[in-house]
Amino acid sequence: MAVLKALFQRKLALLGLIVILAFVILALFAPWIAPYPFDEMHKDGLTDFGSPLPPSAKYWLGTDTLGRDLLSRLIFGAQATLIVAIIANTIAVAIGTLVGVTAGYLRGPGGSALMRFTDLMTAFPALLLAILLAAMFNPSLWIVVIVIAMVNWVQVARVTYTETISLSEREFITAERSLGAGAPRILFRHLLPHLVPTITVYATLGIATTSLTEATLSFLGIGVQPPTPSWGNMVNENQTYFEVAPWLVFFPSGCIALLALSFNLIGDALRDILDPTLRGRH
Amino acid sequence: MPGYVLRRLVQMLLTLIGVSVITFLITHALPADPARQIAGRTASAAQVEQVRHQFGLDLPLPQQYLRYATGLIEGDLGRSYVQRTDVSFLIASRLPATLLLMLGAIFCELLIGLTAGSVAAFRRNTAADQGVMIGALFFVSTPQFLVAYTLLYVFSNWLGWFPLSGYGTFSHLVLPSVALGLLGGGWYARMMRSSTIEVLRQDFVRTARAKGLSRTRIVLVHVLPNGLLPIIAMIGLDIGYFMSGIVVVESVFGWPGIGQLTWQAIQTIDIPIIMGVTLVAACAIVLGNLLADLVAPLIDPRIKLK
Amino acid sequence: MMNRLMISVSIAALLALGACGEKKEEQAASEQSQTAPAQPAAPAEPAPAPAAQAPAEPAPAATTQEAAAQPTAGAIKQGGAMTVTFKDDISTLDPAIGYDWKNWSMIKSVFDGLLDYKPGTTEIIPDLAESYEVAPDGLAYTFKLRHGVKFHNGREMKAADVKYSLERTCNPDTASPGAGYYGAIKGFEDFQAKKATELSGITTPDDYTVKIELSHPDSTMLHLMALNFSFVVPKEEVEKSGADFGKHPVGTGAFKVAEWTSGQKIVFERNKDYFRQGLPHLDKITFEIGQEPVVALLRLQKGEIDIAGDGIPPAKYAEVLQDPATKDLVTITDQLQTGYVSMNVNIAPFDKVEVRQAVNMAIDKDAIVKLINNRAVPANQPLPPAMPGYDKSYTGYAYNPDEAKKLLEKAGVGSGFETDLYVMNVDPNPRIAQAIQQDLGKIGIKANLKSLDQGTVIAAGGKKDGAPMIWSGGMAWIADFPDPSNFYTAILGCGGAVDGGWNWAWYCNKDLDARADKANAMTDPAQADARAAEWGKIFIDVMKDAPWAPVFNEKAVVIHSKRVAGPDGIFADPIHIPVNYDEVYATDAQ
């Protein structure tokens, strides 16, 4: 609660919260908010030459290259975009924390092996790995979620690992250990609570990264499958119209930037609030 | 120290072997048949088998990997199925362009990041500071394709300041470098701001300022030397971020680097190129990480190389 | 993307598939443009059996060829340069291997074959051969070579080089994607199986005579000798460059490769010793690689480049056609291409003919044509309108969702069903697939899109139970010369319905196969019309079973700068994509 209060006191973070809330509302109530279904190709939605229409009274943000209402697609697009960003990142943080804490707590050959595997994953060019994984399975919303999670857990693992190591050398843990406390007790009662601030910060900042990864995958045509809109695949579909109909690209990529910016603002504020010593790049 | 480096190098080697195994497994699980791709549409079943045999694609997977690994030791990355050329040649011919682009991007990152960061620090808590910091965060949050396309249309197409696309002269390099470097520039700005603020707090700097030492001098003499090491460490880590960025940026600007090669190879499932690029990129990333780790103890004496 | 895999190939081969993304596909197809209406089936079936062409009279053949060169050669001054851009790498310029829509035409300018096509047409003319003769039984071809033709390295081209080049293509070690075309040459099987060290069917009685004997008649043999895979290469250069000959090509052609910077550019320089007088016109052609099509077009509008190899991106199409400054620089021609949805007859419920017919009726083709800026005409049968045998009176399955629903009910799937529609993930194909998806949704078919790279889509199509539906765009079949058989054998016949084959509908109708064989046996030119008519009927009968839903026939669109020009039809050449490089001239050099 105190954290929330502190967040509210920071204007920028508050702004970020409001934006995210607005996106969440759009996503949840899209069918009621959006003026048209996201996949309806309007008969009057294209010029005679088959070009998209500019913004007008009927189509507030214009139409896309298939004669669909861009605003409706943006609103529905919040669904897939948020699902990927939040769920993929949650999974990534969960995996990362599990690996990091386990490795940090176990130490020895087991922990070392886990961290070597993490190093291995760090060495992969993330986008390349994601592209390959996406090509291996037929891409769908959930495959995209899993692919991104599989690529993004590594950072969290490294951070939690370092934290766990330094925590377990602190007196209260060594004391618990000498008192004969079991591993679960040490892990859940003592280690995890201390890791919460770090994890929260990384989870928030990670959502920004995740939504950008989704956007890039979709931009390359291997993300969320059409006609389900995501902001990333909307850019992909319309990218060649950048010069002719810039709104087709600017609105969705602006939404992506706004979403990532909001999560970054909150993450930044959380970092300041929760742990002023955490600095630098995540 | 030499012992540490040696151990890290061995570790790196193991990592790279791991990367090659995993990439090999993934690429061979892709649902496409290279033998049929090579043999062409007119090929009979027998011809396809012939090709499969000739390229060793009929061997059991572990054996195929061994063949590949043996080649690697001799510096042979195999031959592209599509281009029918040595992968090492293809990568080598494109590596300079990508390295140049990376250098350009690092330069932009530093130029933008260090300037913006120190400006913000000197005007701490003013509108300028806030503006710079939000701007930095904005670039950190903006998809690279948006940045790339915007730069292309504004500065090349409308204003005509830079060539639209291509490679070769300095002016070709500018926009792609900026597109790739803006993201990192945002990070450097944030970092530079905090290290400058720290230096400015120190007594001797306060005195120097009171005596009229210019801001530029303070940054050059007092801030940068301290901030240099973390910057070097970050550049080491940048390489990994760049690997993703170049696929997008090179394709928008028609830059003849690894990124375009990779993307084409993925589209045609040209497995040897995908493998080769992944390995080269992994090498670069691992070396970058090593650089970052070697620099770390110099920054913070509490960190020891173990 | 196309790219380039051999998959994305298009070409002047006998059976070729189209290429690459929409833009590319268009160009790919430009090869076929224009052909048929003017000259019906004749060039397609060069009548192997009784006809002996230009027997022992080199003169007429030579004149024909002279005549072909005449209108351009005399008046046009040589000189000048042009720049062509492509998005993707030029993979190789090895004639035995190169098989995509970009390098196909480039190879034709660096190398020559025994025969060639008259510019702007599909009419076969002698090239390195001075004349040729076909035995009455169609089992032997004798080619007399020109004297004094030199490779770029200065050595004279002789009969042994022809034999060497053909053997190189057929040698399994070369892994040529075109080897399969030459199966009729005597000794092919033994040579392929490495039981023989040479192709016994090819002999060289003297330095300027090549005799090719066949094990069975092949009505396409003359086309095969005009195909890149038969182009003549110098042995010593191949051996010098080894497997990298494709990057260091040496031929007899109009241009030499002066510079090749991988991933950046290729520079062609005029071959001053080219055996055809007055050709090529240009001193230099620069191919710039890696340029986005949109950017390439902007550069063309600014006058920086001369031909946008990847065509006009959809986004700019309306603008380019309306702008007085550019609209005259655009050439639009018909091409022999059909975009279709294949339905796999092995996969329920597409095993029911009613369902397949319903799909045909459900697709609003007019709306889809508009989506791609009217760059196509709606299709109702596999053959494109420009192809001999096309049945103008056939109306096909008209757009009628209500009737389609009734058919679904009749098939017992009135409540609808769920299926997958595969599509290549390059614009505009996912967009077209979404329009199809929406149309199908209206009759209760829920088609999930699988938008994948083309290699994966093609692999899925080649598996018996792989892909229920495929939108063919970007990978579509484009014929190389106007013969309807090109649209049947591999993509609708039983022979293509095999693992890894190209008959993605897995449609196999033995009766139709038998009728197809019969039609192909009608090799006498006098029977050409009857043959075309029979082919037409075969395709109409195919449509009764409706394994495809033909959607549209795309047009070829090429744009070039004012700086370059060429004889009529040069930018709509049926063989060369995007243009016949030898024939283009620079207006500023005149």
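Is it fair to say residue C:326 is assigned to a helix (DSSP H, G or I), more than 11 Å from chain A (Cβ to nearest Cβ) and not charged (D, E, K, R)? Spelling it out, residue C:326 is indeed assigned to a helix (DSSP H, G or I), more than 11 Å from chain A (Cβ to nearest Cβ) and not charged (D, E, K, R).
For residue A:56, are the conditions met, namely being out of contact with any Leu (no Cβ under 7 Å at 6 or more places or on another chain), within 25 Å of residue A:240 (Cβ to Cβ) and not acidic (Asp, Glu)? Criteria met by residue A:56.
Every condition in (1) away from every other protein chain (no Cβ under 12 Å); (2) at pLDDT 80 or above is met by residue B:52 except one, and the failing one is (1).
Report yes if residue A:144 is touching an Asp or Glu at 6+ places or on another chain (Cβ under 8 Å) and either more than 9 Å from every other protein chain (Cβ to nearest Cβ) or closer than 22 Å to residue A:197 by Cα (or both), otherwise no. Considered against the rule, which asks whether it is touching an Asp or Glu at 6+ places or on another chain (Cβ under 8 Å) and either more than 9 Å from every other protein chain (Cβ to nearest Cβ) or closer than 22 Å to residue A:197 by Cα (or both), residue A:144 comes out as yes. What do you reckon, is residue A:120 touching a Gly at 6+ places or on another chain (Cβ under 8 Å), assigned to a loop (DSSP other than H, G, I, E, B) and either among the hydroxyl-bearing types (Ser, Thr, Tyr) or within 13 Å of another protein chain (Cβ to nearest Cβ) (or both)? Here the answer is no, as residue A:120 does not meet what is asked. For beta carbons closer than 8 Å, sequence separation of 6+ or different chains, a first residue in the stretch C:290-302 that is facing chain B (nearest Cβ under 7 Å) and surrounded by fewer than 24 Cβ atoms within 10 Å (Cβ to Cβ) and a second that is part of a helix (DSSP H, G or I) and of a type in the set (Val, Ile, Thr), the qualifying pairs are C:292/B:252. Here residue C:348 passes the criteria (1) touching a strand residue (DSSP E or B) at 6+ places or on another chain (Cβ under 8 Å); (2) away from chain A (no Cβ under 14 Å); (3) more than 24 Å from residue C:87 (Cα to Cα) except the one numbered (1).
For the stretch B:145-164, residues that are at pLDDT below 85 and under 21 Å from residue B:244 (Cβ atoms) total 1.
Here is a yes/no grid of residues against (1) over 18 Å from residue C:438 (Cβ atoms); (2) buried (at least 16 other Cβ atoms within 10 Å of the Cβ); (3) touching a residue at least 60 places away in the same chain (Cβ under 8 Å):
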{"position": "A:32", "(1), (2), (3)": "yes, no, no"}
{"position": "A:72", "(1), (2), (3)": "no, yes, no"}
{"position": "A:88", "(1), (2), (3)": "yes, yes, yes"}
{"position": "A:91", "(1), (2), (3)": "yes, yes, yes"}
{"position": "A:105", "(1), (2), (3)": "yes, yes, yes"}
{"position": "A:108", "(1), (2), (3)": "yes, no, no"}
{"position": "A:118", "(1), (2), (3)": "yes, yes, no"}
{"position": "A:123", "(1), (2), (3)": "yes, yes, no"}
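Would you call residue C:369 within 14 Å of another protein chain (Cβ to nearest Cβ), in a helix (DSSP H, G or I) and touching a residue at least 60 places away in the same chain (Cβ under 8 Å)? Here the answer is yes, as residue C:369 does meet what is asked. Is at least one residue of the stretch A:218-228 more than 8 Å from chain B (Cβ to nearest Cβ), part of a helix (DSSP H, G or I) and modelled with pLDDT of 85 or more? No, the stretch A:218-228 has no match at all. Here is the figure for the stretch A:234-257: residues that are in contact (Cβ under 8 Å) with a residue 24 or more places away in the chain and either more than 8 Å from chain B (Cβ to nearest Cβ) or assigned to a loop (DSSP other than H, G, I, E, B) (or both) total 11. Only residues that are more than 13 Å from every other protein chain (Cβ to nearest Cβ) and either surrounded by fewer than 20 Cβ atoms within 10 Å (Cβ to Cβ) or among the basic types (Lys, Arg) (or both) were counted in the stretch B:73-103, giving 5.
Residue by residue, here is whether (1) of a type in the set (Gly, Ala, Ser); (2) under 30 Å from residue A:202 (Cβ atoms); (3) more than 12 Å from the chain's Cα centre (by Cα) holds:
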residue: A:61; (1), (2), (3): no, no, yes
residue: A:64; (1), (2), (3): no, no, yes
residue: A:68; (1), (2), (3): no, no, yes
residue: A:76; (1), (2), (3): no, yes, yes
residue: A:83; (1), (2), (3): no, yes, no
residue: A:86; (1), (2), (3): no, yes, no
residue: A:90; (1), (2), (3): no, yes, no
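Residues are listed down the side, and each one gets a yes or a no for (1) of a type outside the set (Asp, Glu); (2) within 25 Å of residue C:516 (Cβ to Cβ):
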residue	(1), (2)
C:541	no, yes
C:547	yes, yes
C:550	yes, yes
C:553	yes, yes
C:560	yes, no
C:578	yes, no
C:588	no, no
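Residue count for the stretch A:69-90, restricted to those that are more than 23 Å from residue A:153 (Cα to Cα) and either at pLDDT below 90 or part of a helix (DSSP H, G or I) (or both): 9.
Scan the stretch C:213-258 for residues that are more than 13 Å from chain B (Cβ to nearest Cβ), among the charged types (D, E, K, R) and closer than 30 Å to residue B:165 by Cα and the total you get is 1.
Residue-wise test of (1) over 30 Å from residue C:87 (Cα atoms); (2) in contact (Cβ under 8 Å) with a residue 12 or more places away in the chain; (3) facing chain A (nearest Cβ under 10 Å).
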residue	(1), (2), (3)
B:219	yes, yes, no
B:224	yes, yes, no
B:231	yes, yes, no
B:253	no, yes, no
B:259	no, yes, yes
B:269	no, yes, yes
B:282	no, yes, yes
B:286	yes, yes, yes
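Taking every residue in the stretch C:93-104 that is under 21 Å from residue C:235 (Cα atoms) and pairing it with any residue that is small (Gly, Ala, Ser) and in a loop (DSSP other than H, G, I, E, B), at least 6 positions away or on another chain, the pairs with Cβ-Cβ distances below 6 Å are C:96/C:176; C:97/C:176.
The values are calculated or read from the model by the stated rules, or taken from the named source; none is laboratory data. Treat the numbers as computed from the prediction; the structure is a model and nothing was measured. Here Cβ is always computed from backbone atoms with ideal geometry, including for glycine, and neighbour counts include all displayed protein chains.
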